[in-house]
Amino acid sequence: MKGRIFLVCLFLKLFCAVTFTQAQDKTGYFLGVHPQTNALNPAVSYNRTLIILNPSFSFSLANSSLTFHTLFNRGVGEQDTLLFWDFKKIEKKLRNSNSFYGDATLNLLFAGKLLQNGRYASFQVSRKYNACLTYPRSFVNLRYGNANLALNKPRTIDLDNYAVDGSIYDEYAFGLSKTYNQKLSAGVHLKLLQGKMAVKTTKFLASITTKEDFSQSVMKTDAEIKLSAPVMKEKSSGSRFEVDMTELREQTSFFYYSFRNFGAALDAGFTYQVDDRIDLSGSVNDLGFIRWGAKPQQLVSSGEYLFDGFYFSSQNIEDFDSKNYFKVYTDTIQSVFLPRESDESFGTWLNARTYLGISYRYNPKFTFTGLLKSTFYRDFLLVEATVGTVYHPRKRVAFSGSWSYSNFSLYNFGVGAVYTGPGYQVFAVTDNINAITLLDVKGMNIAFGVNWLIFQQRNDLVNSKSSFLRE
């Protein structure tokens, strides 16, 4: 009997296309890109009052375990030009818990006010996206389907411990920093968060069992996925659901506000000049949460259902009709999960990050850097280490290069460039270039944008850790 496969494959496909992760910050941390640097470390201040319109965007697509070479293998002989699913390699690379994960940021505005006694107040507006799909190692066992062909016996398919989590929200950051002396500065951001939408998996238990005579397969589920607002609705038949695109567009617009979807977060950071050449810096970002109470909703599945999946084998991927496969799969999912309105609000924690960096100015043109970054996701801690160089060939131009241990891989190279003109700044940074082969990377990312200075009031008597627009 043909094997069966569950909804996790669809989630993997969908979240590969829409999830993001902030990775290029490791290469851009010391590049002098402002006001983005202030967003990473609230201790960074300026020697002037200014307002900056900064339309900039950073995004990435990444996963913890799989690459193109992990997923596929070439055939032999006459089939050496064809690609086949390499399940043995996939199983070897998978960890006990695996994830597609990440975030994205859309920056809009920065304003800073120079105060007395070395204090600096700032205000930033940003849109944040984050998502994470977690799946266990047992995912690869789906290739065996529901039948042991050698023994002609049915097999139980384990589908426990999958999770989908993500959110979209607007961030209003109020910052205050103080320069205590020539060496030490410290600062904080207090962030008010306006939630747009969220998804949170609170429970996911499922399995597929098949009768001894292979006459039918039954899916048993006990799962609950919470949503922030009613973007799911049932069709008139009552046995399918669909996304309310009108509601979704309204929720994700910058003009949508709900006083029941609010949260708060805190950043704290410091900079310390050890001597004329060595600087230390560190920060903790996004210590906070959002409470989702605006018309909460649930996708609930609890019971037993006849399951009619589709066959998935190590065939040539040119013969893999993903459109029809996933259409059948979507029909099965919609018959299992039904949306329900709920009166219970729920909370989501932000993915907190820490940075600890050191820079050494070798001469006016070269600076060598090191950075240790940690990100706290729901089910795991991601630790990354970076060494790099910043090169200033001219006064208004800077380039950055880095090498990182990131995403459980040693092969992560980054490059960045910034040009500061009279009243504007343009930059681009990426942090995930694989020097061996692009087919072995686990993701992609880039940050790019423009900072336009629309107002400034200088005060040359105040020291600044920033080079932005400094003449």
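How much length is gained if the chain between V426 and D160 is pulled fully straight, taking 0.36 nm per residue apart and subtracting their Cα-Cα distance, in nm to one decimal?
91.1 nm
FRET efficiency for K183 and S97, Cβ-Cβ distance as r, R0 = 51 Å, nearest 0.05?
The calculated FRET efficiency here is 0.75.
Set the Förster distance to 51 Å, then compute FRET efficiency between E304 and F68 from the Cβ-Cβ distance, nearest 0.05.
That pair, E304 with F68, gives E of 0.85.
Do any of K92/K226; K191/K365; K89/K200; K93/K373; K203/K295 go past 29 Å between their Cα atoms, and which?
With Cα atoms farther than 29 Å apart: K92/K226; K191/K365; K89/K200.
What length, rounded to one decimal in nm, is gained on full extension from V243 through to L410, with 0.36 nm per residue of separation minus their alpha-carbon distance?
56.1 nm
Are there any chymotrypsin sites (Phe, Trp or Tyr not before Pro) in the range 241-271 that are in a DSSP loop and have at most 10 other Cβ atoms within 10 Å? List them by number.
Those satisfying the criteria are F255, F259.
For F123 and A385, calculate 0.36 nm times their separation in residues minus their Cα-Cα distance, and state this gained length in nm to one decimal.
Taking 0.36 nm per residue and subtracting the Cα distance, the gain is 91.3 nm.
Apply the Karplus parameterisation 6.51 cos²θ - 1.76 cosθ + 1.60, with θ equal to phi minus 60°, to every residue of the range 86-100 and state each ³J(HN,Hα) to the nearest whole Hz, in sequence, with x for glycine and proline.
Those phi angles translate into 10, 5, 5, 5, 4, 5, 5, 7, 5, 9, 4, 10, 10, 8, 9 Hz.
For the pair F214 and I51, what calculated FRET efficiency results from E = 1/(1 + (r/R0)^6), where r is the Cβ-Cβ distance and R0 = 60 Å, to the nearest 0.05?
0.30
Every number in this text was worked out from the coordinates using simple rules, so none of it is lab data. These figures come from a predicted structure and were not determined experimentally. Positions of Cβ are backbone-derived with ideal geometry, glycine not excepted, and every protein chain shown enters the neighbour counts.
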